[in-house]
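Contents: one structure, followed by commentary.
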Amino acid sequence: PLYSEFFWAGENQKAALGGMRKNILANNHGVILLAGEEGQGKTTLIDILVGRIQSELNIGRITVESDEKISFLNAICKSFGLNIIATSKVDFILSFTNHLTQLLKNTKKKSLLIIENGKHLTDELLEDLAQVANLEEKGRKLVTILLVGDRSLVKKIEESPNPTLRESLL
């Protein structure tokens with residue numbers, strides 16, 4: 001967006017941008033969480049971050065609008081230009097893994113999946129995201145997930161019965 005040219009970052013915003021950039025571009029993949037109250041500028045920070053790192057990464061970006069599992073998984077595929085309609089989680093995992101592997105091979109770039117409006121994620125979808133964060137090819141993680149939401153998302157993750165999700169967080 002044009003307004004990012006005129007964005008003035010305070011110390012908190014600079015720290016958030018620097019930390020996200022460092023963790024996304026580092027070799028340690030996982031789930032990065034950006035949480036804050038509504039109206040605090042999370043989307044603006046993400047827009048600025050994407051503008052600064054888009055030449056270094058393959059980026060997919062979605063906004064959670066539904067808790068319907070297959071629609072959510074297909075939205076992830078579509079965000080990376082994979083035009084399939086998965087009918088099951090297995091279809092999704094196989095197709096998405098192959099696609100990310102090809103992207104890495106063809107572009108030599110890591111992949112980043114940005115998920116906004118994370119407060120609408122169910123426990124089941126959070127478990128699916130933990131599995132996506134752990135997709136590997138030849139021992140190399142294929143994607144980093146930047147999960148954006150409010151404090152209720154933080155609480156949901158902290159209280160999640162799924163240890164894989166909590167362990168995936170950077």
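The values are calculated or read from the model by the stated rules, or taken from the named source; none is laboratory data. This is a predicted model, so every value here is computed, not measured. Positions of Cβ are backbone-derived with ideal geometry, glycine not excepted, and every protein chain shown enters the neighbour counts. Only protein heavy atoms, including side chains, enter the accessible area calculation; ligands, DNA and RNA are left aside. Shrake-Rupley method; radii C 1.70, N 1.55, O 1.52, S 1.80 Å.
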Alpha-carbon radius of gyration plus Dmax, which is the widest Cα pair, for the range 45-90 in Å: 12.6, 35
Extension gain (nm, one decimal) between GLU56 and GLU137, 0.36 nm per residue minus Cα-Cα: 27.2 nm
Debye, to nearest 20: dipole size of the range 24-170, +1 on Lys, Arg Cβ, -1 on Asp, Glu Cβ: 720 debye
Modelling each spin label as a point 7 Å along the Cα-to-Cβ direction, I'd like the SER66/ILE84 distance in nm, to one decimal. 1.9 nm
State the percentage of accessible surface on the chain attributable to carbon and sulfur atoms; use a 1.4 Å probe and exclude ligands, DNA and RNA. 50 percent
For the range 116-170, state the average projected area of the convex hull of the C-alpha atoms over all orientations, rounded to one decimal in nm². 3.7 nm²
Counting only backbone N atoms under 19 Å from a point 7 Å out along Cα-to-Cβ of ASP47, the residues of the range 133-170 in range are 147-150
Amide H of LEU146 versus every other amide H placed in the peptide plane: which residues, excluding those fewer than 5 positions away on the same chain, fall under 5 Å? ILE32, LEU113, ILE114, ILE115
What length, rounded to one decimal in nm, is gained on full extension from LEU94 through to LYS22, with 0.36 nm per residue of separation minus their alpha-carbon distance? 23.0 nm
If you count only protein heavy atoms with a 1.4 Å probe, what accessible area per residue comes out for the range 117-161, rounded to a whole Å²? 47 Å²
Cross-link partners of LYS119 among lysines (Cα-Cα below 30 Å; sequence separation of 8 or more within a chain): LYS14, LYS22, LYS42, LYS69, LYS78, LYS89, LYS109, LYS110, LYS141, LYS155, LYS156
Taking the range 64-131 as the region of interest, what is the percent of Cα-Cα pairs per 5 angstrom bin, listed from the shortest bin to the one with the maximum distance? 3, 16, 28, 26, 17, 7, 2
If you count the DSSP beta bridges with both ends in the chain, what percent of them are antiparallel, to the nearest 5? 10 percent
Mean projection area, nm², convex hull over Cα of the chain: 9.7 nm²
